[in-house]
Amino acid sequence: MTILNVFKPSTLATNSRKRCGADDEQLAYAQPRYDIADETEAYLVSVDLPGVAKQDISITLRDGLLEVIGKRSRETPKGWKALGEEKQAYAYRLRLMVDDRVQENKISADSKNGVLRLTLPKEEEAKPRKIAIN
Amino acid sequence: MKYISPFNARYGISPLSSGSFSSMEQEFENLFSSLPSFFDIGGECFADPEQRSLNPVWYEHDDAYVVQLELPGVEPKDVTLEVGDDALSLSAKRSARSNQDASEDNLSYRHSLPIPEGVDADQVTASYKDGVLSVSLPKIAAVKPRRIDVN
C-alpha cells in the first residue's frame, strides 16, 4: 500500500559523496532526514531541519507535491575564523507526493528544536474502519 | 546515472508502523543505490544504529573556540555534556516522534568530539537553538595570542 511517494530532485550534479545536490537554479539543496508515521487520524511527517529558524522554513503544496525548503545561514560570525574546510551553504529541500488520501486543506505544521512536524489529516475513507462484533 | 521522473517512475514507499529511520534508509539505499546517498554521512560518531553525524563545525576567535553540532529534536535539559582533557562527550535523547514510538527505543545521540589543547574546561558554556548546539570553549590565557611590541 502506498501512501506518500517520494522522488528525488531530477538532476544531481555532484561527483563526490557529499550531501548536496544542485538543481537548475544553481542553489545547493540537500535532502534532510525525515520520518513518516502512519497514525489513525493523520500522517505525521517529522523533518530534521537543524539550524533553520521557523521563519526560514517554507512549505508549499501544489498539484499534490508538498515541498519543504529550509534555509540555513552558515555565515561565519564576524571576527571568527572558520576552521577546517569551508562548508558550502545549502538549503534543505524535501519533496513528497501527496495523494487523495490526505485532506489537503487541513495540513498543518509546527516547528520546535529544529524539527518540523507536518500533520496530514486523512480523508475519512483512508482511516481504518472499526468493525463491530454482534 | 538514473534519471528519476515523477511521470514515468514513482517509487512507492510502504508505511512504517514502527516509524523508525533505519528501514527507510535501507529502502532508499536499495532503490537509489546508483545516486549519491543522502543518508550516509559518515563521521566519527559512536554507535547509534542510525549513524547520525552531528556535523561538527569549528570556529576560532582570539579568546575561544566554538563548535556547532546538529542535534535536532532534543530539549536542552535532556543534553548531557562533559568536558575532559582532550575530548568533549555528549549524549542526548530525542523526543518521540509520535505516539506509536513511545514504547520503542527512542533515538539517542552519543558523540565524543576531540577538542584542541589549551581549553579552559571550567569555562566551557553551551547554548541550543533550532536544533543546533553551540559549545564555546574559552582558551587558557597562555594560549591567547599575545601582542609583542617591537622596540
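Here are some notes:
- Test: residue in region A:87-97 that is hydrophobic (A, V, I, L, M, F, W, C), surrounded by 12 or more Cβ atoms within 10 Å (Cβ to Cβ) and in a loop (DSSP other than H, G, I, E, B): yes
- Subset of region B:56-74 [of a type outside the set (A, V, I, L, M) and within 7 Å of chain A (Cβ to nearest Cβ)]: B:Trp58, B:Tyr59, B:Glu60, B:His61, B:Glu70, B:Pro72, B:Gly73
- Enumeration of residues in region B:109-124 that are loosely packed, with under 14 Cβ neighbours inside 10 Å and either on the phi > 0 side of the Ramachandran plot or in contact (Cβ under 8 Å) with a residue 12 or more places away in the chain (or both): B:Pro114, B:Glu117
- The set of residues from region A:101-116 being within 14 Å of chain B (Cβ to nearest Cβ), assigned to a strand (DSSP E or B) and among the polar types (S, T, N, Q) comprises just one member, A:Ser111.
The numbers here are math on the coordinates, done by the rules we state, and not lab data. These numbers come from a predicted model, not from an experiment. Counting neighbours? That spans all protein chains shown, and the Cβs are built from the backbone with ideal geometry, glycine included.
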